[in-house]
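Here the structure is laid out as structure tokens; the discussion comes afterwards.
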Amino acid sequence: MPSPDFNDLLAFVAVAREQSFTQAAVQLGVSQSALSHRLRALETQLGLRLLNRTTRSVAPTEAGERLLRTLAPRFEAIEAELGALRELRDKPAGLIRITAAGHAADTVLWPKLGPVLAQYPELQVEVYVDYGFTDIVAQRFDAGVRIGESLEQDMVAVRIGPDQRMAVVATPDYFANRPPPRRPQDLAAHNCINLRLPSGKLLPWEFARDGRPIKVQVQGQWTFNASAPILRAALAGAGLAYVPEDQALESIAAGRLRRVLQAWCPSYPGYHLYYPSRRQASRALTVVVEALRYRPPAERD
């Protein structure tokens, strides 16, 4: 049996990923009819149905899923290598896609990468704010940001920020008619502002004392899916907030917020950028990584 045509395999991967002939055709710059013809020719050559087609959807068969798992990483490697070859020039160019939580985007990515983009006009950065554990390979991101450096295999982790702490805060008026909590268990008597994760679960408030970790599932009237509106709600007197310390320090210093349970909030490893180790880093990604790399104050002096 002759080997399948490279373009037929590329067409299959595009359709299987997008689960749409229309979107795949746009991506490849061909007509839907030509794309459909290629897929039928490939199925005929292999003697297997690779796609289940209905009037509303397209999905890989069991054989199609197996072929996709084999081909997709190899095509990604080819695309990455071609991209790296195209960028063998003095100035980095192209799009770098990064997934990160909102706090990391505001406090690390934006301030550090702003000057880089000004220096390299042909470089683009797309930041996707997400509080879940995104599969950057499956979602076609170049890199992601997480707390700490504990990552799955085949990933490179680069520290991009200092150690962090959380802060439990509320307005002085909030405490006017209720005693402040002295230990995490006291939070059960307070109106706490929750953060809902993409999984649907509420983020537990994590504390530690004498090396003993404590997780508390709090209750309250307000729930958000990002830390910025949680802080705004706390400043409006809606209740207790559990936010990154650096977000609240200015308001604490100004007296707009009062901090509690400080002794129960230890520091923890800060943000790390992670990306696949099996890919050859492009010139653009290398520039982004080096710009974000954390250097302690002693190393910057």
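The values are calculated or read from the model by the stated rules, or taken from the named source; none is laboratory data. These numbers come from a predicted model, not from an experiment. Methodologically, a virtual Cβ is constructed for each residue, glycine included, from the backbone with ideal geometry; neighbour enumeration extends over all protein chains shown.
Listed by position, the strands (runs of 3 or more DSSP E) inside the stretch 132-237 whose residues that are more than 27 Å from the chain's Cα centre (by Cα) number at least 1 are 166-170, 205-209, 212-216.
Within the stretch 126-142, does at least one residue satisfy the condition of being free of Cβ contacts under 8 Å to residues at least 24 places away in the same chain, under 24 Å from ALA254 (Cβ atoms) and in the same structural domain as VAL288 (by TED's automatic domain parsing)? No, the stretch 126-142 contains no residue that is free of Cβ contacts under 8 Å to residues at least 24 places away in the same chain, under 24 Å from ALA254 (Cβ atoms) and in the same structural domain as VAL288 (by TED's automatic domain parsing). Taken together, the residues in the stretch 204-230 that are in contact (Cβ under 8 Å) with a residue 24 or more places away in the chain and of a type outside the set (Ser, Thr, Tyr) amount to 17.
Considering each residue of the stretch 172-182 in turn, none proves to be surrounded by 15 or more Cβ atoms within 10 Å (Cβ to Cβ), within 20 Å of HIS103 (Cβ to Cβ) and assigned by TED's automatic domain parsing to the domain that holds VAL260.
Yes/no per residue for (1) in the same structural domain as THR99 (by TED's automatic domain parsing); (2) buried (at least 20 other Cβ atoms within 10 Å of the Cβ); (3) touching a helix residue (DSSP H, G or I) at 6+ places or on another chain (Cβ under 8 Å); (4) at pLDDT below 95:
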residue: LEU235; (1), (2), (3), (4): no, no, yes, no
residue: LEU240; (1), (2), (3), (4): no, yes, yes, no
residue: VAL243; (1), (2), (3), (4): no, yes, yes, yes
residue: ILE252; (1), (2), (3), (4): no, no, no, no
residue: GLY255; (1), (2), (3), (4): no, no, no, no
residue: ARG259; (1), (2), (3), (4): no, no, yes, no
residue: SER277; (1), (2), (3), (4): yes, no, no, yes
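Checked against the criterion of being in contact (Cβ under 8 Å) with a residue 60 or more places away in the chain and either over 27 Å from the mean Cα position of the chain (by Cα) or outside the structural domain of SER277 (by TED's automatic domain parsing) (or both), the candidates ALA72, ALA25, ALA41, ALA77 yield just one match: ALA77.
Quick grid of which residues meet (1) farther than 26 Å from TYR128 by Cα; (2) assigned to a helix (DSSP H, G or I):
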{"position": "ASP8", "(1), (2)": "yes, yes"}
{"position": "PHE12", "(1), (2)": "yes, yes"}
{"position": "SER33", "(1), (2)": "yes, yes"}
{"position": "HIS37", "(1), (2)": "yes, yes"}
{"position": "THR44", "(1), (2)": "yes, yes"}
{"position": "ARG49", "(1), (2)": "yes, no"}
{"position": "ALA72", "(1), (2)": "no, yes"}
{"position": "LEU82", "(1), (2)": "no, yes"}
{"position": "LYS91", "(1), (2)": "no, no"}
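Among the residues of the stretch 105-128, those identified as crowded, with 16+ Cβ neighbours inside 10 Å, out of contact with any Leu (no Cβ under 9 Å at 6 or more places or on another chain) and not hydroxyl-bearing (Ser, Thr, Tyr) are ALA105, ASP106. In the stretch 93-111, is there at least one residue being at negative phi and free of Cβ contacts under 8 Å to residues at least 24 places away in the same chain? Looking through the stretch 93-111, at least one residue is at negative phi and free of Cβ contacts under 8 Å to residues at least 24 places away in the same chain. Of all the numbered requirements in (1) over 19 Å from the mean Cα position of the chain (by Cα); (2) assigned by TED's automatic domain parsing to the domain that holds TRP222, ARG295 misses one, and that requirement is (2).
LEU46 meets the stated requirement of being assigned by TED's automatic domain parsing to the domain that holds LEU71 and under 18 Å from ARG69 (Cβ atoms). Across the stretch 20-59, the number of residues qualifying as surrounded by 14 or more Cβ atoms within 10 Å (Cβ to Cβ) and on the phi > 0 side of the Ramachandran plot comes to 0. The set of residues in the stretch 193-202 that are under 20 Å from LEU261 (Cα atoms) and touching a residue at least 40 places away in the same chain (Cβ under 8 Å) comprises ILE193, LEU195. Scanning the stretch 183-196 for residues that are surrounded by fewer than 14 Cβ atoms within 10 Å (Cβ to Cβ) and of a type in the set (S, T, N, Q) yields one hit, GLN185.
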